[in-house]
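The values are calculated or read from the model by the stated rules, or taken from the named source; none is laboratory data. From a predicted model like this one, the values you see are computed outputs, not experimental measurements.
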Amino acid sequence: MARLLLFYRLMVRPLFAEPVRTSLTVLAIALGVAVVLAIDLAGFAAAGSFRSSMETLSGDNDFEIVAAGGVPEDIVGKLAQLPYSLRVSARIEDYAAIDGKRTIPLVGLDFVAEGQNHADATSAFPIAKPDEALKYLGDDKSVWVGQSIGYRVGDRVALLLNDRMREYVVRGVFPDDGGNAAAIVLDLATAQRAVERAGRVDRILVKVPEKDDGGSGHVASASEWERRIRDGEGGGAGDGGKSSAILPDGVELRAAGTGTEENRKMLAAFRWNLKLLSYIALVVGAFLIYNTISVSVVRRRAEIGIVRALGASRAAILAAFVGEAASLGLIGALIGLPLGRLMASGAVTRGRRVGHHGLGALIRPILDRCDSDDLPAYIEASSQRGAALYERLGFIHLGVLELPEGGPPVWPMRRPPGG
């Protein structure tokens, strides 16, 4: 009881006697807590969005096979013959212009293989007439489009592919997340003929099983899977250790999506930078509490002397000041937690708006100058994601340039005057 009375008279009563100072102290602590929480929540959301964007480009695949000029399609058959439950997905990837203005990603897929590989995903999209689902796979005039593109089943659509106008019939419409996953999908063979890449695909995606087949329980490392895929090693007892190379010279096997070393390092650095900002805010909050208590001790030196003269121990006085710091911290935290969540929500919302409009704000003055002078604009995108952003500004794809000696692909784009 004596300790509580000491705490009230030495700590609580002076706080109520100076409401402005007490309010400012609690507010400063609340802001410190709010900043820490806001940066942590916003950083987690930003890192998750960053990781999600990389996974969107390559899915959940473990490896991808690429080559300058395209990958020979017979590699798909060789991979399918390996004694492992591999998920092999061949891709044709390009762009098609609709109505002379909109440029939409064009994807060629092996529908039969994709349906078997992604049975859980395909079941999420109901088909009105399942008996006709495979009816048009051999038709070179059939396409499937995203909902946001604005076509319905049975509509005819003219596509500009490699400077040639081709007419297709929409056989199906699929959800595309409000345009975020808008695409024109063709059967793999149809896409090869449309973009004139007979016998080759742009890349092959490979998903390996978590454990070896046969119930062995052996978990192969990424390097072991890379050796199996590249050299065609069966690894079973019945193959006598024989192997035949599957990937010829000039064909590259690399980790896909977030599995690449570069992406892992980039994501780790991104998260560490955000955490560092959070830790700085935490140090600032701790300094505010320390400074508040230090000022409190200096201002109450007379009260402390009187209490000591009345027989209070040093430990009791220390406990009183620690209790004051804990109380201020608790009140500030209770106020700062909802405030931090509100700040994080605002930061994420504003970040999305900046992400959508920031590129346009940077390049818009140049485009306005081109429009005023009635001149076209030309730009080269280094990624499909960048090309999609330029599309929103009126740029049209001119194809894909494959740089020599395995260089990265480049997407040249042109914007007509007034586009």
Considering only residues of the stretch 357-412 that are in a strand (DSSP E or B) and under 23 Å from the mean Cα position of the chain (by Cα), which is modelled with the highest pLDDT?
Glu380
Anything in the stretch 294-318 that is in a loop (DSSP other than H, G, I, E, B) and among the hydroxyl-bearing types (Ser, Thr, Tyr)? List them, or say none.
Ser313
